[in-house]
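Visitor: Have a look at this one.
The numbers here are math on the coordinates, done by the rules we state, and not lab data. Keep in mind it's a predicted model, so treat the numbers as computed, not measured. All Cβ positions, even for glycine, are placed from backbone atoms using ideal geometry, and neighbour counts span all protein chains on display.
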Amino acid sequence: MSLKEYAKKRNLKKSGEPIGKIKKTKVLKGKLSEENRRLSRFVVHEHHASHLHWDLRLEMQGVLKSWAVPKQPPEAKGIKRLAMQVEDHPLAYARFHGVIPEGNYGAGKVVIWDNGKYSLIEKTPTKIVFELSGKKLKGRYCLIKTSYGGRKNGWLFMKI
């Protein structure tokens, strides 16, 4: 994991976005026992860029693993959303909000739509199950890898 892609896409001095470092953490995989589940941060940004979308960010492996979700995240079971995995973001991005100036990557207003803690339940290369405890998003959610549109970074995001 690296924040190189994050930094390469941005002029951090002009955009106002946080510069970050990776916080070393233990990698957890597979189904996790109750004692191995730990609470980590999550944030969902409402991002008014060239196209309105939501950015789901889960604290994992010292960074915020991130997915762009074109429609509002599901608050009820039975709703599936496409989620395109994007570059990792620094942990400091969990508190970021404001306006990224025109001419910068991701230009537009960034608002914290929801945030809180989450517990990782299961993680494999094609499936991530987690419990969210946010203000809007509460309960068990799942990200499932898909090859939608022939893209390698496509996932389905749903409440289960």
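Visitor: List every residue whose amide H lies under 5 Å from the amide H of Met60, counting only residues 5 or more places away in sequence or on a different chain, with H placed 1.01 Å from N in the peptide plane.
Guide: HN-HN under 5 Å from Met60: Lys65.
Visitor: Given R₀ = 25 Å, what would the calculated FRET efficiency be for Ser50 paired with Lys135, taking r from the Cβ atoms and rounding to 0.05? Numbers along the way, then the final one.
Guide: Numbers: r = 27 Å, r/R0 = 1.09.
Step by step, r from the Cβ atoms, then E = 0.35.
Visitor: Please state the shape class of the stretch 114-160: rounded when a/c is under 1.5, otherwise prolate if a/b exceeds b/c and oblate if not, all from the C-alpha gyration tensor.
Guide: Values: a/c = 2.88, a/b = 1.91, b/c = 1.51.
Prolate is the answer for the stretch 114-160, as a/c is 1.5 or above and a/b outweighs b/c.
Visitor: Separation between the Ser147 and Lys117 pseudo-spin-labels, each 7 Å from Cα along Cα→Cβ, expressed in nm?
Guide: 4.0 nm
Visitor: Among the listed pairs Lys109/Lys145; Lys80/Lys127; Lys77/Lys152; Lys77/Lys145; Lys80/Lys109, which have their C-alpha atoms separated by more than 20 angstrom in this model? Don't jump to the answer; show the numbers that get you there.
Guide: On the way: Lys109/Lys145 29 Å; Lys80/Lys127 14 Å; Lys77/Lys152 25 Å; Lys77/Lys145 18 Å; Lys80/Lys109 25 Å.
Too far apart for the 20 Å limit: Lys109/Lys145; Lys77/Lys152; Lys80/Lys109.
Visitor: While we're looking at this one, here's another question. When the chain is fully extended, how far beyond the present Cα-Cα distance does Lys109 get from Lys127, taking 0.36 nm per residue of separation?
Guide: Details: separation 18, 0.36 × 18 = 6.48 nm, distance 3.07 nm.
Between Lys109 and Lys127, full extension yields an extra 3.4 nm.
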